[in-house]
1. State whether segment 377-511 is rounded, prolate or oblate according to the following rule on the C-alpha gyration tensor (a ≥ b ≥ c being the square roots of its eigenvalues): a/c under 1.5 gives rounded; otherwise a/b larger than b/c gives prolate, and the remaining case gives oblate.
2. Let me have the 222 nm mean residue ellipticity of the chain computed from DSSP H runs of 4+ only, each contributing -39500 (n - 2.57), with the sum over all residues rounded to the nearest 500.
3. Any idea what angle helix 245-258 forms with the longest principal axis of the chain, computed on alpha-carbon atoms, 0 to 90 degrees, nearest 10?
4. If you count only protein heavy atoms with a 1.4 Å probe, what accessible area per residue comes out for segment 1-144, rounded to a whole Å²?
5. With the crude spin-label approximation of a point 7 Å out along Cα→Cβ, what separation in nm comes out for residue 331 versus residue 472?
6. Using a cut-off of 9 Å between beta-carbons, work out the net charge of the residues near residue 264 (Lys and Arg +1, Asp and Glu -1, residue 264 not included).
7. Please give the net charge around residue 156, taking every other residue with its beta carbon less than 14 angstrom from that of residue 156, where Lys and Arg add +1 and Asp and Glu add -1.
8. Counting only protein heavy atoms and a 1.4 Å probe, tell me what percentage of segment 380-476's accessible area is made up of carbon and sulfur.
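The values are calculated or read from the model by the stated rules, or taken from the named source; none is laboratory data. A quick note: this is a predicted structure, and the numbers were derived from the prediction, not measured. Here the Cβ positions follow ideal geometry from the backbone for every residue, glycine too, while neighbour counts run over all protein chains shown. All accessible areas refer to the heavy atoms of the entire protein, side chains included, with ligands and DNA or RNA removed. Shrake-Rupley method; radii C 1.70, N 1.55, O 1.52, S 1.80 Å.
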Amino acid sequence: MRALISVYNKAGLEEFARGLADLGWSIVASGGTADLLEREVGLDVDRVEDLTGVAEMLGGRVKTLHPRIHAAILARRDLDEDLATLAEEQIEPFDLVCVNLYPFSEVAARYGVRDADAVEMIDVGGPSMLRGAAKNFAHCAPVCRPEQYDALLQELRESGALSLVTRRALAADAFASTAAYEAAIAHWFADVEAFPETVVTAFTKVAELRYGENPHQRGAFYAEQGARVHLLSRVEQLHGKELSLINLLDLSAARLLLREFALPGCVIVKHANPCGVAVAGTIEEAYERALASDPVSAFGMVCAVNRPVSSGLGEALANRFVDVLFAPEYDDAALEALQRKQAIRILRDKERRGFPRGERDFKRVLGGLLVQDRDWDIEDREGMEVACGDTSEELWGDLLFAWRVCKHVGSNAIVIAKDLATIGIGGGQTSRVDAVKLALDKAREHGHDVEGAVLASDAFFPFPDGPTAALDAGVTAIIQPGGSRRDDEVTEAVRTAGATMVLTGRRHFRH
């Protein structure tokens, strides 16, 4: 039996190659792989250039692209014509091809990487050998990941050969690997266009999930190939059960909203919608005020904070039913208090690079995919119009806070805020006036004083009825996109009430 090994990632290679050699396999290797196996592992291997009669050239760009290599991979052992060709050319076939590819995605994703450096990580010979072995899986096993080594050695030791089922599974993995590799390269080249003619995406499994949206549904989390940052990149789970699909949906919503704020901030999410958000002078105060927004909905919450969790905050959180807690760091005493709760999933965020600005937002629809820019922009008052009333720095602070929260609430969305904390949120309603009533009901239900609060709406008010309901309850300022045919009527209703209204000129639907 004969194996061809040419790998960039040398992890596990020593044990795998030695295991094959111990089973009587002969090994052919290229370049650095041969150097490692000969000099550091002490194995007797044949070199690719000895088979081809041609030394590596063009700085290693050409080494395995040769008929004596590819014929040995692609020959069909059950076809007399192929066997006759091998005999005539004195070519010995390969029974296994072990190749992993240059790390294009990792290099291309580095900040400030030069085009020339990324291009050098485009593997040509590796994918060709893998695809050839995968095509000829009936006779040649393609191996593309170090994680496969142990199981393959075990099967070879027990059975003496790899079953057709195993070789077919390896072929599927190899084609998926090369497809993902090509997709990452295509995406990199096409990144100059917002919406290229063909959208090619590839995702790699990061984690198996306990279940999907419901226990009878299976689920997994995949990260986009080439993404510098993803939902769980550099996130360490310190305690608790495995994450579920709903946990990750809520965590994503919380992280996206939390990035809106530089001040100590807390975001509490249920079912992908914020139910409490606050910023304050300390993280402890931010948490208390976010929780006070809607403590009933916060039962079983995902809670994300952008400052370390102190011992006091840890004790406070330990007294609540928290599903997932996300923070940059934890005080030892806080962690000890939190770990008394068996179910809580404690996540530590070690990511400091921030989310990439150019990421697209994908939404799956029947038989297709909707692609759009992410609604990333963190907006300030520049370009906004004060349609009526007076403003102050304090009022602008509340208005912009409510506006930033509002774009993360499912449409139709209404956010009522006071002193940089939400006090009532109405989202996911089929009419805007119902969203206003829901937000007001939430505020009253939890004892919040609406007098002097501000209201943000993710889209324009088509009629004055929504603003009027809020103004009658004590809201004194409204921020909304404007653009309705009845803007004049809405503005007049706000002016008559002696309140302030700001028009942003931009809406924030989130379906």
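1. Numbers: a/c = 1.14, a/b = 1.10, b/c = 1.03.
Judged from the Cα gyration tensor, segment 377-511 comes out rounded (a/c under 1.5).
2. Working: 18 runs with 184 residues, N = 511.
Helix contribution divided over all residues of the chain: -10500 deg cm²/dmol.
3. Long axis of 245-258 versus the principal axis of the chain: about 60 degrees.
4. Computed with neighbouring chains in place, this is 49 Å² per residue.
5. 4.7 nm
6. Values: positive: 307; negative: 284, 285.
So the surrounding residues net to -1.
7. On the way: positive: 2, 18, 157, 167; negative: 15, 22, 95, 150, 155, 158.
In short, -2.
8. Details: 1730 of 3730 Å².
Percent of accessible area from carbon and sulfur atoms in segment 380-476: 46.
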